[in-house]
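Everything on this sheet refers to the single structure shown next.
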Amino acid sequence: MGINERRERERKAVRKKILEAARELFVAEGYDAVTMRRIAEAIEYSPTAIYFHFKDKETLIRELCKEDSSSLAKAFNAIAKEPDALERLRKIGRAYVEFGVSHPNSYRLMFMTQSKIKEDDYAEMGHGKQEEDGYAFLVATVIEAIDKGLLRKVLVDPHLVAQAIWSAGHGVVALHLAKRDDPWVEWRSLTETAELIMHTMINGLKREGIAHD
């Protein structure tokens, strides 16, 4: 390995370390309370080292949101070729829950804290593009289901349906993240809970007579 290649690997490793520390701190303490110096202290680096990678906190939070949104979009892209729109909706719900459980800090930052992303940043993050925007992919799938007559006739607003499905998935993840260690409930399998929620949602949305397991 050459010197330049080694330096580039080290640079990426430090950048990743900064992002991971910032993500945890933003979730735990809130965006406004966390300073660049605080992030530097958490990973035992100098503030100068942090500023070498990110010019300010706003740049850092934008990079975090881009990275996390991309991770979720990749999870959805893996099921984009599913030909059955209803089955695709079920798989979207499952992938969403799996992402939240596998990336708890990313999930909390994206969906359980107040957004710090400005309107101008959305285009750079692929807003509206199905391959980069998970919500756009969900809405497009709902539109396909409506156009094919798979949903109940009263369901004509794709955003309403998409947000209902999103809310169902979010409820499962948020409850798991907030209460999974509480002993007062005999918690059942998260996977089984998520499957039941999505199965119930889709059965409630689909047009009568449409077969779907």
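Going through the range 63-87 one residue at a time, which ones are out of contact with any Phe, Trp or Tyr (no Cβ under 9 Å at 6 or more places or on another chain) and either assigned to a helix (DSSP H, G or I) or among the small types (Gly, Ala, Ser) (or both)? Correct list: Cys65, Lys66, Glu67, Ser69, Ser70, Lys74, Ala78, Ala85, Leu86, Glu87. Taking the residues in the range 24-37 that are surrounded by fewer than 16 Cβ atoms within 10 Å (Cβ to Cβ) and modelled with pLDDT of 90 or more as candidates, determine which candidate is farthest from Ala178 (Cα to Cα). Per the stated criteria, the residue is Arg37.
Set side by side, the residues Glu131, Glu208 differ, and just one is more than 19 Å from the chain's Cα centre (by Cα) and either farther than 12 Å from Leu86 by Cα or at pLDDT below 90 (or both), which is Glu208. Considering Arg108, Arg90, Arg6, Arg94, the condition of being among the basic types (Lys, Arg) and outside the structural domain of Pro158 (by TED's automatic domain parsing) is satisfied by Arg6 alone. Filtering Ile202, Ile165 for residues that are surrounded by 15 or more Cβ atoms within 10 Å (Cβ to Cβ) and at pLDDT below 95 leaves a single hit, Ile202.
Listed by first and then second residue, the pairs with beta-carbon distance under 6 Å, at least 6 apart or on different chains, first residue in the range 10-27 and in contact (Cβ under 8 Å) with a residue 60 or more places away in the chain, second part of a helix (DSSP H, G or I) and of a type outside the set (S, T, N, Q), are Arg23/Leu64; Arg23/Leu109; Phe26/Leu109; Val27/Arg108; Val27/Leu109.
The values are calculated or read from the model by the stated rules, or taken from the named source; none is laboratory data. Nothing here was measured: the structure is a model prediction, and the numbers come from that model. All Cβ positions, even for glycine, are placed from backbone atoms using ideal geometry, and neighbour counts span all protein chains on display.
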